[in-house]
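Undergrad: Take a look at the following structure, please.
The values are calculated or read from the model by the stated rules, or taken from the named source; none is laboratory data. Keep in mind that what you see is a predicted model, and the values were worked out from it rather than measured. Every residue, glycine as well, gets a Cβ built from its backbone with ideal geometry; the counts of neighbours run over all protein chains shown. The protein model used for the area step is the full one, side chains on, heavy atoms only, and it has no ligands, DNA or RNA in it. Shrake-Rupley method; radii C 1.70, N 1.55, O 1.52, S 1.80 Å.
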Amino acid sequence: MAKSPTSFRYDYAQSPPVDQVGIAERAARFTTRSIKTSTKREGLDMVLNMIDLTTLEGADTPRKVQQLCYKAGHLHDSIPGLPTTAAVCVYPPFVKVARKALGSNSPIKIASVATGFPSGHLTLEGKLEETQRAVADGADEVDMVISRGRFLSGDYEYVFDEIAAVKEACGKARLKVILETGELATLDNVRRASDIAMHAGADFIKTSTGKISSAATIPVTLVMLLAIRDYHFKSGNMVGMKPAGGISKSKLALHYLVMVKETLGSEWLSNEWFRFGASSLANDVLMQIAKIESGGDYQSPCYFSQD
Amino acid sequence: MKKNTQWEYAPAPEAAKIAKIAKRYDHFINGKWTPPQSGNYFRTINPGNGRKLSEVADGNDADVDAAVKAARAAYEGPWGKMSGRERGKYIYRIARLMQERAREFSIIETLDGGKPIRESRDIDVPLAANHFFYTAGWADKLEYAFPNRKVASLGVAGQIIPWNFPLLMAAWKIAPALATGNTVVLKPAETTPLTALKLAEIIADSGLPEGVVNIVTGAGSTGAAIVNHPDIDKIAFTGSTGVGKLIQQTIANTDKRATLELGGKAANIILEDAAIDQAVEGIVNGIYFNQGHVCCAGSRLFIQESVYDEVIWKLKRRMRTLVVGDPLDKNTDIGAINSKEQLKTIQKYIQLGQEQGGEMYQPKCKLPAAGNWCPPTLFTNVTQSSVIAQEEIFGPVLAAQSFRTVPEVISKANNTPYGLSAGVWCDKGARLFQLTTQLEAGVVWGNTFNQFDPASPFGGFKESGFGREGGLHGLAAYLEM
């Protein structure tokens, strides 16, 4: 079924209610799954392969972005057979640098934040211009932020139209829509924002910018996954999920995979449909893998490059 | 990277070695392990693999008589004279010892009963300890618990508990009896006696005066000996409605008091404005918790017609993610059926449900070769007159119906001889309370199911029994006021 993002509007009143207590209970159940032996090893490889290796600092430099791009493809060469990360994620001015570093045929995607990241306070023209430039510079994916102020004021039409416009500006690039759930106050709002984003054409919905303190959590991600599942059921379209911010440990990342598997099914267990937005997660996963490969010895963090 | 992975969970078994199970257990009478007078023992089986775990004493009238005499002597002796504050210290000690040995208890509970280790570890054992903690706090405050009432203990309590929550039911029975100054003769179920006997070890370690708690093992005839014993002041029974009726007939014309917590056929009602995904979790938790061996299980599902298809679709999807198998595996959601007999009963109902026109759904699951297993089962196209919608199955079998209006669902929900529990799922507080006040059930859960707390009373209406356990109501059941 072809996707026609602006051909129908969503009836916002239809976003179903979310019971916060029930979500918390279900979320806690995922963390009691015990992931051992072959499942753990396979899961850790999957996590690495789903990471959008990220640097989003004011202090970013072209060299840092180059290093990040190299790291994305060479996570830890002393362990053969490791996957690459899914993507690198940078600010728009560094897209060209990243494209040059990765080359044009790299399996590693370039994701660029856009639309006045992280606050979203930019004119619509500015947002579209920034998006188009990032794509023209070589971005495969665009991570936009929604206008939370408009959303919270109840102007859902504006939010919908803006996402649809950015989607159009993306052209072939895949669009990730950052809801910044830490500013949405309730899980009902997270659900509604997810529904709006998907109906407006999001290829991925993403929790957070990572710039405010309440970033990705298991309950928030669960609400978004359930929205994806319902949308898939109604429209036949798959939408990806990207929790970002605050996921820095392997064990937590594996809990997320359990949640994806049990909520959406194993079709979503690939980097086409699931990503982690993270900067330090990769090294923790590498340490776990090195521990397994060496037969149980933890190694010093000094052995793992920090880029 | 491998594409299209299923990412199945590798086995993650809990290490059972730390659980010490003796080859043979005697009765625990007057603080001592006492061989049965008949010399007979019976086997207790691990329902997860069919192998024998241990053998336990088969109690007869003489064993029960010895236990009651010991309980009477303790009641007339040190325990009856002890202050509430001193009694409380012992109960706290039992609670703490139980926490210290929680892991061992949860493993044995799972081995003996077949329930998933996740449940015994996260629910049964901590909740059992919490019951002791809760009642211990009341032991020296009974006059404040019941202001302007003069309270006195009853004497010797005969307690008979079922096999679905062996340790938890022992705690529900023993803790309030001790806090209120009574002494106890308790009989655990014949298929699951081990954790009650391990509890006896803790009770011995706690230094509780001899004879205050006596544990006699055996089957129905041992229970009958307790009910019939003339020197017992109170019967507390949890089990089937049939046996409950028998007990009432037996103690008629005596001055024995009784609290009976019997069967149930709870309605779980999903209204159209409910948070559907969380309601589906509640449906699963309501019926598949502990393999459906739960007297308050939400075994009748009522779904408002506008969301019927959505709920059934989501429910089936969720059922496919449930892991059925080795109860000791930390990822198991649904463990083993408690006994061969119970499995036969459940299978009989599943057969009957199909014969009466119900549409059965069971997700595909790999079941172990040995042991007693039943996959989670859902029946749609069920009517009020279907046997599976009327009788308590005590297994993982759910009977779903749809309804259109609230008055309709209230009358359907109440159209049962039972009245233990019910659940309502609804986003509107006002409508929720309108419904809950009209449901004939001892416990009504709103937007949740199978929640238990020591401070909250639990018990039934109609043929689900009478009397309450837990909370102050549970203490009152062991007091003369």
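Undergrad: Which of the residues in the range A:249-263 lose at least 20 Å² of accessible area when you go from the chain alone to all protein chains together (probe 1.4 Å)?
TA: Buried by the other chains: A:K261, A:E262.
Undergrad: Here is a follow-up. Give me the dipole magnitude in Debye, nearest 20, for the range A:54-165 about the Cα centre, with unit charges on the beta carbon: positive for Lys and Arg, negative for Asp and Glu.
TA: Magnitude of the dipole: close to 520 debye.
Undergrad: Along the charge dipole of chain B, Cβ charges K/R +1 and D/E -1, which of B:M82, B:G423, B:L97 sits furthest on the positive end?
TA: My answer, from the dipole projection, is B:L97.
Undergrad: Same structure again: For A:S248 and A:L152, what does the FRET efficiency come to when R0 = 30 Å and r is the distance between their Cβ atoms, rounded to the nearest 0.05?
TA: Between A:S248 and A:L152 the formula returns 0.55.
Undergrad: How compact is the range A:17-303 by the rule of thumb for globular proteins, expressed as Cα Rg over 2.2 N^0.38 Å?
TA: On the way: Rg = 18.2 Å, N = 287, 2.2 N^0.38 = 18.9 Å.
With N residues counted in the range A:17-303, Rg over 2.2 N^0.38 Å equals 0.96.
Undergrad: Go through B:34-43, B:179-188 and give me the packing order, highest mean Cβ count within 10 Å leading.
TA: B:179-188, B:34-43
Undergrad: Between the range B:309-348 and the range A:113-184, what is the C-alpha centre distance in whole Å?
TA: Answer, in whole Å: 45.
Undergrad: Can you work out the PRE-style zone for B:K364? Point 7 Å along Cα to Cβ, and I want the residues of the range B:311-325 with backbone N under 20 Å.
TA: Under cut-off, by backbone N: B:313-325.
Undergrad: State the percentage of accessible surface on the range A:8-162 attributable to carbon and sulfur atoms; use a 1.4 Å probe and exclude ligands, DNA and RNA.
TA: For the range A:8-162, the apolar C and S fraction of the accessible surface comes to 53 percent.
Undergrad: If you don't mind, another one. Determine the share of the range B:140-183's accessible area contributed by carbon and sulfur atoms, expressed in whole percent, with a 1.4 angstrom probe. Write down the numbers at each step before the final one.
TA: Numbers: 680 of 1370 Å².
Answer for the range B:140-183: carbon and sulfur cover 50 percent of the accessible area.
Undergrad: Still on this structure, I have one more. In deg cm²/dmol and to the nearest 500, what is the mean residue ellipticity at 222 nm of chain B if only DSSP H runs of at least 4 residues count, each as -39500 (n - 2.57), divided by the residue total?
TA: Details: 17 runs with 182 residues, N = 481.
Roughly -11500 deg cm²/dmol at 222 nm, from the helical runs in chain B.
Undergrad: Sticking with this one: Let me check something: with ligands and nucleic acids excluded, how do B:W138, B:W425 order by accessible area (1.4 Å probe), largest to smallest?
TA: Result, largest first: B:W138, B:W425.
Undergrad: Under unit Cβ charges (Lys, Arg +1; Asp, Glu -1), what dipole magnitude, rounded to 20 debye, does the protein assembly as shown have relative to its Cα centre? Write down the numbers at each step before the final one.
TA: Values: 87 positive and 83 negative charges, 226 e Å.
Approximately 1080 debye in magnitude.
Undergrad: How big is the range B:209-248 on each of its three principal axes, counting only the C-alpha atoms and giving the largest first in Å?
TA: Here the Cα extents, ordered largest to smallest, are 35, 20, 15 Å.
Undergrad: Next up: At 0.36 nm per residue, and after removing the present C-alpha to C-alpha distance, how many nm does the segment from A:Q306 to A:S119 gain when stretched out fully?
TA: 64.5 nm
Undergrad: Please report, in Å, the Rg and the Dmax of the range B:267-446, where both are computed over Cα atoms only.
TA: Rg and Dmax of the range B:267-446, Cα atoms, are 15.7, 50 Å.
Undergrad: Further question on the same structure: Compute the convex hull volume of the Cα atoms of the range A:117-220, divide it by the residue count, and report the result per residue in Å³ as a whole number.
TA: 90
Undergrad: In a shell of Cβ-Cβ distance under 14 Å around B:A128, excluding B:A128 itself, what net charge do Lys and Arg (+1) and Asp and Glu (-1) give? Don't jump to the answer; show the numbers that get you there.
TA: On the way: positive: B:R96, B:R101, B:R103, B:K115, B:R121, B:K173, B:K198; negative: B:E100, B:E104, B:E109, B:E119, B:D122, B:D124, B:D453, B:E469.
Neighbour charge sum, excluding B:A128 itself: -1.
Undergrad: With the other protein chains left in place, how much accessible area per residue, in square angstrom, belongs to the range B:267-446 at a 1.4 angstrom probe? Spell out each step's value before the answer.
TA: Working: 6440 Å² over 180 residues.
With all protein chains present, the range B:267-446 gives 36 Å² per residue.
Undergrad: While we're looking at this one, here's another question. State the answer as a single residue: which of A:I247, A:G295, A:S270 lies farthest towards the positive end of the charge dipole of the range A:242-304, with beta carbon charges of +1 for Lys and Arg and -1 for Asp and Glu, about the Cα centre.
TA: Farthest towards the positive end: A:I247.
Undergrad: With viscosity set to 1.567 mPa s at 4 °C, what whole-number translational diffusion coefficient in µm²/s follows for the protein assembly as shown from Stokes-Einstein and a Kirkwood radius over Cα pairs?
TA: Estimated via Stokes-Einstein, D reaches 45 µm²/s.
Undergrad: Taking 7 Å along the Cα-to-C-beta vector as the label spot, tell me the A:E267-B:E8 distance in nanometres, rounded to one decimal.
TA: That separation, rounded to one decimal, is 2.1 nm.
Undergrad: Moving on. Limiting things to C-alpha atoms, what are the Rg and the maximum Cα-Cα separation (Dmax) for the range B:282-374, in angstroms?
TA: 13.9, 43
Undergrad: Give me the inter-chain shielding for A:37-47: mean count of other chain Cβ atoms within 10 Å, whole number please.
TA: 3
Undergrad: What quantity of accessible surface, computed with a 1.4 Å probe and excluding non-protein components, is buried in total between chains B and A, in Å² to the nearest 100?
TA: Heavy-atom accessible area buried at this interface is about 3000 Å².
Undergrad: Only counting protein heavy atoms at a 1.4 Å probe, give the residues of the range B:266-297, ordered by number, whose accessible area falls by 20 Å² or more when the other protein chains are present relative to the chain alone.
TA: B:A275, B:D277, B:Q278, B:E281
Undergrad: Say R0 is 41 Å: what FRET efficiency, to the nearest 0.05, do B:S221 and B:S411 get from their beta-carbon distance?
TA: 0.50
Undergrad: To continue, here is another question. Which value, in debye to the nearest 20, gives the size of the charge dipole of the range A:152-267 about its Cα centre, when Lys and Arg are +1 and Asp and Glu are -1 at the Cβ?
TA: Details: 14 positive and 13 negative charges, 124 e Å.
Dipole size: approximately 600 debye.
Undergrad: How crowded by other chains is A:15-21, given as the mean number of beta carbons from other chains within 10 Å of each beta carbon?
TA: 6
Undergrad: Let me ask another. So if each residue of separation counts as 0.36 nm, and I subtract the Cα-Cα distance between B:K340 and B:R431, what length gain in nm does that give?
TA: Once the chain is fully extended between B:K340 and B:R431, it gains 28.4 nm.
Undergrad: With a point put 7 Å past each Cα toward its Cβ, work out how far B:S306 is from B:F452 in nm, to one decimal.
TA: 3.7
Undergrad: Students sometimes get this wrong: rank B:Y134, B:Y25 by accessible area, probe 1.4 Å, all chains present, largest first.
TA: Descending accessible area places them as B:Y134, B:Y25.
Undergrad: If I compute solvent accessible area with a 1.4 Å probe over the protein chains, what percent of it on the range B:267-446 is carbon and sulfur?
TA: Answer for the range B:267-446: carbon and sulfur cover 49 percent of the accessible area.
Undergrad: Please give the length that would be gained between A:Y298 and A:A59 if that part of the chain were fully extended, namely 0.36 nm times their separation in residues minus their C-alpha to C-alpha distance (nm, one decimal).
TA: Gain on stretching A:Y298 to A:A59: 82.8 nm.
Undergrad: 222 nm [θ] for chain A, helices only, -39500 (n - 2.57) per DSSP H run of 4+, per residue, to 500?
TA: Roughly -13500 deg cm²/dmol at 222 nm, from the helical runs in chain A.
Undergrad: What ranking of A:H232, A:H76, B:H293 comes out by heavy-atom accessible area, probe 1.4 Å, highest first?
TA: Order by accessible area, largest first: A:H232, A:H76, B:H293.
Undergrad: Another question about this same structure. Starting from the Cα gyration tensor of chain B, multiply each eigenvalue by 5, take the square root, and state the resulting semi-axes largest first in whole Å.
TA: Taking √(5λ) for each Cα gyration eigenvalue gives 37, 26, 20 Å.
Undergrad: Run the paramagnetic zone check for A:Y70: 7 angstrom along Cα to Cβ, then residues of the range A:86-102 with backbone nitrogen under 18 Å.
TA: Under cut-off, by backbone N: A:88-89, A:97-102.
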